[in-house]
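Beneath this line is the structure, given in structure tokens, with notes to follow.
The values are calculated or read from the model by the stated rules, or taken from the named source; none is laboratory data. It should be emphasised that the depicted structure is a prediction, and the values quoted were computed from it without experimental measurement. Neighbour counts are summed over all protein chains in view; Cβ atoms, including those assigned to glycine, are modelled from backbone coordinates with ideal geometry. Calculation scope for accessible area: heavy atoms of the full protein, side chains included, ligands and nucleic acids excluded. Shrake-Rupley method; radii C 1.70, N 1.55, O 1.52, S 1.80 Å.
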Amino acid sequence: MKFTYVAMPTRVVFGAGAVRELGAEVGRLGAKRVLLVSTPGRTAMVTEVAQDLPIAGVFDKAVMHTPIAAVEEARRLAKKVKADCCVALGGGSTIGFGKAIALTSDLPVLAVPTTYSGSEMTTIWGISEGGAKKTGRDPRVLPKTVIYDPELTMGLPPAVSAASGMNAIAHCVEALYAHDGNPIISLMAEEGIRALATALPKVVSTPNDMEPRSLALYGAWLAGTTISTTSVALHHKLCHVLGGFGLPHAETHSIVLPHAVRYNHEAAKDAMKRLARALQASDPAAGIYDLEKRLNLPLRLADIGMQEADLERAAKIASDAPYPNPRKVEYEPVLALLRDAYAGRRPATKLFAE
């Protein structure tokens, strides 16, 4: 056995009511001029939660896919108010803006996630420019502290919770067959899938129940941790490509995931066995699809704005740039994958012989 494992130096504070530690955690960072980052719809909630902080400015224009124009505006504001810390309270889009600010300023980020995106645990950043989303890894963008408070997820609509949770499951899935994976990450990934697959149906059916909300957030933390040191593969690359066509991030992940699993099934047998075990499903690709159907998530790219005429261009973009994946990434098979995802077909795989 041979592997490399890197533990990311993030302080994690987890539990109901943990957000009340926000002031103390900002103090631990030595910050005295905080820039708050949020989406427009969360301004009031964020301001209330952060009322005791030394706030120097508020950027409440965070949007999906972190477009460069908005990022530059946020960076200018951080510089103008002489911020010495960035507190990002919200989902993956909001935390993405905190990271984008840190990328060019070295400001420490304190993240308070309210969805299950997992971005808060990684060095991965992404910025959209010219119709494409550029991504990279940089230790400067990794939040110094993450506060997980399931109470903050209670208002997250069931449909948004489900899509965000499937995004987290996607992180775990790709960590299971990452070319640079390791035994510790595989344990976390399998446990993350188990927790999320158990919690999400209950989050949807009983959205006011704290216990499944806590379990889902726990799974999301594990999911974020799994991709903090491992590489992503075909699934995430495809979703980044589709993001360039303006598709919503979490829903795109959930729709593509079962088909990406089907694509890699024969080339990642150990990962698929772990995935099947975590899902309690004999066929992992179909198991993911059936879970999403149970969660009432959209199952077709056609339903979230993808144009059939753009499928070939998306397949070409995804297959032109080589990257590690258990199965070779080739144009025709990727196009077939996208056509299945566009139509929302239930994937079927040949099951492994015991």
query = Under a 5 Å amide H to amide H cut-off, with H placed in plane at 1.01 Å, what residues pair with Phe14 once short-range neighbours are removed?
reply = Tyr148
request  = For segment 248-258, take each phi angle, set θ = phi - 60°, evaluate the Karplus expression 6.51 cos²θ - 1.76 cosθ + 1.60, and give the result in whole Hz per residue in order, putting x for glycine and proline.
outcome  = x, 4, 5, 5, 4, 4, 5, 6, 6, 3, x
request  = With a/c under 1.5 counting as rounded, go ahead and sort segment 5-57 into rounded, prolate or oblate using the C-alpha gyration tensor (a ≥ b ≥ c being the square roots of the eigenvalues; past the cut-off, prolate if a/b is larger than b/c, else oblate).
outcome  = prolate
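Anything over 27 Å Cα to Cα? Flag those among Lys99/Lys328; Lys80/Lys237; Lys134/Lys328, in the order listed.
Values: Lys99/Lys328 32 Å; Lys80/Lys237 35 Å; Lys134/Lys328 22 Å.
In this structure, Lys99/Lys328; Lys80/Lys237 lie more than 27 Å apart at Cα.
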query = Non-local amide H neighbours of Gly90 (under 5 Å, H modeled in plane, Pro and chain starts lacking H): which ones?
reply = Val112, Thr114
key: Within the accessible area of segment 25-163 (1.4 Å probe), percent carbon and sulfur   = 55
task = Please sort 292-305, 3-16 by packing, taking for each peptide the average over its residues of neighbouring beta carbons within 10 angstrom, highest first.
result = 292-305, 3-16
inquiry  = Between 0 and 90 degrees, rounded to the nearest ten: what's the tilt of helix 234-243 against the longest Cα principal axis of the chain?
reply    = 60
request  = Quote the charge dipole size of the chain about the Cα centre in Debye, to the nearest 20; the model charges only the Cβ of Lys and Arg (+1) and of Asp and Glu (-1).
outcome  = 500
request  = Calculate the translational D of segment 214-354 in whole µm² s⁻¹ from Stokes-Einstein, where the hydrodynamic radius comes from the Kirkwood formula applied to all Cα pairs, the temperature is 25 °C and the viscosity 0.890 mPa s.
outcome  = 158
ask   = Among bridges DSSP assigns within segment 91-227, what percent are antiparallel (round to 5)?
value = 75
query = Excluding ligands, DNA and RNA, what is the solvent-accessible area per residue of the chain at a probe of 1.4 Å, expressed in Å²?
reply = 42
message = Between segment 312-339 and segment 212-286, what is the separation of their alpha carbon centroids in Å?
response = 17
note = Honestly segment 273-354 on the Cα gyration tensor test (a ≥ b ≥ c root eigenvalues; a/c under 1.5 rounded, otherwise a/b vs b/c for prolate or oblate) is just oblate
query = With each run of n ≥ 4 DSSP H residues scored as -39500 (n - 2.57), what mean residue ellipticity at 222 nm is computed for the chain after dividing by its residue count and rounding to the nearest 500 deg cm²/dmol?
reply = -15500 deg cm²/dmol
note = For 74-82, 162-170, ranked highest to lowest by mean beta-carbon neighbours within 10 Å, the order is 162-170, 74-82
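Summarise the long-distance tail of P(r) for segment 48-101 by giving the % of C-alpha pairs beyond 16 Å.
Result: 37 percent of Cα pairs exceed 16 Å.
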